[in-house]
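So the structure is just underneath, and the comments pick up after that.
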Amino acid sequence: MRFLYSLIFCCSVSFVMMSCKKTVSNRRPVVNFVFKFDSTQVRLNNLGQPASIPAGNAAQSPVFNLMSSHYVELALDQYTAVGAGDILYHAAETTAGGSTAIDFTKSTFAGNNQVFLSVPIDSITPGSYHWLRVSLAYQNYNVKYSANGQSHTGTIASFIGFKTYVNSYKIKDSTVIVNANKSQGYWGFETSVSGFGVVRTGQSPAGATTVPNPIFATSPIPAGSCLATGQFASPLVITGNETSDITIVVSLSTNNSFEWIDADNNGTYDPLNGDQVVDMGVRGLIPIRQ
């Protein structure tokens, strides 16, 4: 009888182990895309060239909390037109606000060093990809500012997608009700001064959001989009036979990415003294395979 129990126990353990092995072996490997916010990465303009801060303006490198993407695409080469590459992700859109816009209620968010997208490798068309395109939609970060001679910290929620239908959004502690489409460059600002909460909203000028695209001449991006483009140091080769996960770090330059007209010419952001925000776009994208 003892032998019979031992036999049953061993068979049960063997069955469990075989089941576990089968589960592991049948798992589909994925490509994980991870956000990295780098204030030391080179600061680029729309054409992917190094850019300094224009005379009369000032800028700072904000501390990022969250970001969301709207569209992710792998491009074989610099001549691959937008949409002709392998589209890995396209976020939900809606016409609730009239014209087609990003549906903010269905957006997903990720912070620094967090995965924002996972794609099964066997769903990617095999090829040797040189470029990555990521359309950014929303960002939330902290900035420093001055008011009445004192330094403070505020939080900004910035919508940088081509257009976003926003029902409501939370900046830090405060929720703003909108229920309308908002164009690229719409933002909300929250801070606390002398124990009192302050919330302001605004709109950056049309076309002011920087969207680096080093291959604009051969593969232009749609006007008003935030489709940032970056090149792999070595091509990302997908065979379709991969057996382990791949991690792609999407390194975004936040190097002086928050820019304003420095009305009082003191180098600090003074919203009460006439300083006006002119740019909140990222300043470069570098995809890094790990």
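Every number here is computed from the coordinates shown, using simple stated rules; none is lab data. No experiment lies behind these values; they were computed from the predicted model shown. Note that each Cβ is placed from the backbone with ideal geometry, even for glycine, and that neighbours are counted across all protein chains shown.
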Problem - Hull shadow area, averaged, the stretch 48-196 [alpha-carbon convex hull, nm²] - result: 12.2 nm²
Exercise for the section: Report the charge-dipole magnitude of the stretch 92-245 in Debye, nearest 20, computed about the Cα centre from +1 at each Lys and Arg Cβ and -1 at each Asp and Glu Cβ. Expected result: 520 debye
Practice task
Output the antiparallel fraction of DSSP beta bridges having both residues in the chain, as a percent to the nearest 5.
Solution key: 90 percent
Practice task
Choose one of N241, Y71, V166: the residue whose Cα lies farthest towards the positive end of the charge dipole of the stretch 30-289 (beta-carbon charges +1 Lys, Arg; -1 Asp, Glu; about the Cα centre).
Solution key: V166
Problem - Calculated [θ] (222 nm, deg cm²/dmol) that DSSP helices of n ≥ 4 give over the chain, each run adding -39,500 (n - 2.57) - result: -3000 deg cm²/dmol
Practice task
Using all C-alpha to C-alpha distances in the stretch 30-289, build P(r) with 5 Å bins and read off the rounded percent in each one.
Solution key: 1, 6, 13, 17, 19, 16, 12, 8, 4, 2, 1, 0, 0
Handout entry: Between 0 and 90°, nearest 10: helix 2-25 axis offset from the chain longest Cα axis
Key = 40 degrees
Exercise for the section: May I ask for log10 I(q)/I(0) of the stretch 162-222 at q = 0.16, 0.17 Å⁻¹, from a Debye sum over the Cα atoms as equal point scatterers with solvent left out? Expected result: -0.67, -0.72
Handout entry: Length-normalised contact order of the stretch 145-197 in % [C-alpha pairs under 8 Å, at least 6 apart]
Key = 38 percent
Exercise for the section: Would you work out the relative contact order for the chain, in percent, from Cα pairs under 8 angstrom that are 6 or more residues apart? Expected result: 26 percent
Exercise for the section: Would you mind listing how long the stretch 149-197 runs along its three principal axes, going by Cα atoms, in whole Å with the largest first? Expected result: 36, 18, 12
Exercise for the section: Quote the FRET efficiency, to the nearest 0.05, computed for L47 versus I87 with a Förster distance R0 of 25 Å and r equal to the Cβ-Cβ distance. Expected result: 0.55
Fill in the blank from the handout: Computed about the Cα centre, the charge dipole of the chain from +1 Lys/Arg and -1 Asp/Glu charges at the Cβ has a magnitude in debye, to the nearest 20, of 960 debye
